[in-house]
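So the structure is just underneath, and the comments pick up after that.
No lab work stands behind these numbers, since they all come straight from the coordinates. Just so it is clear, the structure is predicted and the values come from calculations on it, not from any experiment. So basically every Cβ, Gly included, is an ideal-geometry build from the backbone, and we count neighbours across all protein chains shown.
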Amino acid sequence: MMSKIVRTQANFLYPFILIFGFYIVAHGHLTPGGGFQGGAVIATGIALVIVAYGYDRVKSWIKKSTLTATESIGLLCFILTAFIGLSTSFFYNFLANSGLLFGDKVSYGANPGYLNTAGTLPIMNLAVGVEVLGGLGVILMYMLSYGKEVSK
Amino acid sequence: MILDIIHILVLIGLIATAYLAVKLRDLMACAVMLGIFSFLLSLEFFILQAPDVAIAEAGIGAGLTTAIFVMAIRKTSRWEVEE
């Protein structure tokens, strides 16, 4: 556990880092970034809390089994989205231009980019983001769980 | 012109932080120097028109790697000792 200054900064910055990470994930088909980058930013927020508070307090808030389940759920969503379009081909974008979820037509010419487009790509970005968040979180928790802190 | 100056400053900063990360005896300062190195590298990627790689570098390099180094230093010793 670090000093009160570090803990206050972590408390203040944690929600903003999470919101920025989910923004990168949600706008993966419009702006730079995507599932992996957004998930890495969210995992950075988890790392900030872990560094500020230490493993003994964080292990009751964030559980390794929850993060492992998160990783598996992300991968399952990705492969299921790929399999749903199997009647045409694997990874077929069955939602694009269909009028359903994320199915709006993209107007011709230069435009700022609309969130409700691109079919299955935002769903896959979300799946990859959740998977990367779980995977990097598990790496951080296992890095922290071995050995004990040397007090100085 | 102004972009060239920023570019050269970023490159000088990369070399300086890399040198300090090797030379300093306080390992916590070395970890922070590596974090600054990663941040400057992500700035360099952004100047070279690769914002995608820049976000990945800022997240992984400056965020997670520094956190893992800090955890490892807190479980071992902070100062580098002569063998």
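Projecting the Cα positions of B:Ala18, A:Gly45, A:His27 onto the charge dipole of the protein assembly as shown (unit charges on Cβ atoms of Lys, Arg, Asp and Glu, taken about the Cα centre) puts A:Gly45 furthest along the positive direction.
Ordered from longest to shortest, the equivalent ellipsoid semi-axes for chain B are 27, 16, 6 Å, each the square root of 5 times a Cα gyration tensor eigenvalue.
If the only charges are +1 at each Lys and Arg Cβ and -1 at each Asp and Glu Cβ, what is the size of the charge dipole of the range A:1-103 around the Cα centre, to the nearest 20 debye?
On the way: 6 positive and 2 negative charges, 89 e Å.
Charge dipole, the range A:1-103, about its Cα centre: 420 debye, nearest 20.
Ranked by how many other Cβ atoms sit within 10 Å of their own Cβ, fewest first, the residues A:Ile46, A:Ile17 fall in the order A:Ile17, A:Ile46. Using the Karplus relation 6.51 cos²θ - 1.76 cosθ + 1.60 with θ = phi - 60°, the per-residue 3J(HN,Hα) values for the range A:4-16 come to 5, 4, 5, 5, 5, 4, 5, 4, 6, 7, 4, x, 5 Hz, with x marking Gly and Pro.
Between the alpha-carbon centres of the range A:6-84 and the range B:11-83 there is a gap of 21 Å.
Annotation for the range A:33-114: trypsin sites (Lys or Arg not before Pro) lying in DSSP loop with at most 15 further Cβ atoms inside 10 Å of their Cβ are A:Lys59, A:Lys63, A:Lys105.
Counting alpha carbon pairs within less than 8 Å and at least 6 residues apart, what relative contact order, in whole percent, applies to chain A? Relative contact order here is 30 percent.
Using a/c under 1.5 as the rounded threshold, could you call the range A:48-147 rounded, prolate or oblate? The axes a ≥ b ≥ c are square roots of the C-alpha gyration tensor eigenvalues, and prolate needs a/b larger than b/c, oblate otherwise. Before the final figure, lay out each step's value.
On the way: a/c = 4.29, a/b = 2.20, b/c = 1.95.
Judged from the Cα gyration tensor, the range A:48-147 comes out prolate (a/c at least 1.5, a/b above b/c).
Ranked for footprinting exposure by Cβ neighbours inside 10 Å, fewest first, A:Ser107, B:Ser38 give A:Ser107, B:Ser38.
As a rough footprinting exposure proxy, the listed residues B:Phe46, A:Phe83 were ranked by other beta carbons within 10 Å of their own, and the order from fewest upward is A:Phe83, B:Phe46. Each residue of the range A:44-59 was assigned a 3J(HN,Hα) from its phi angle through the Karplus curve 6.51 cos²θ - 1.76 cosθ + 1.60 (θ = phi - 60°); the sequence is 4, x, 4, 4, 4, 5, 5, 5, 6, 9, x, 5, 4, 8, 6, 5 Hz, with glycine and proline shown as x.
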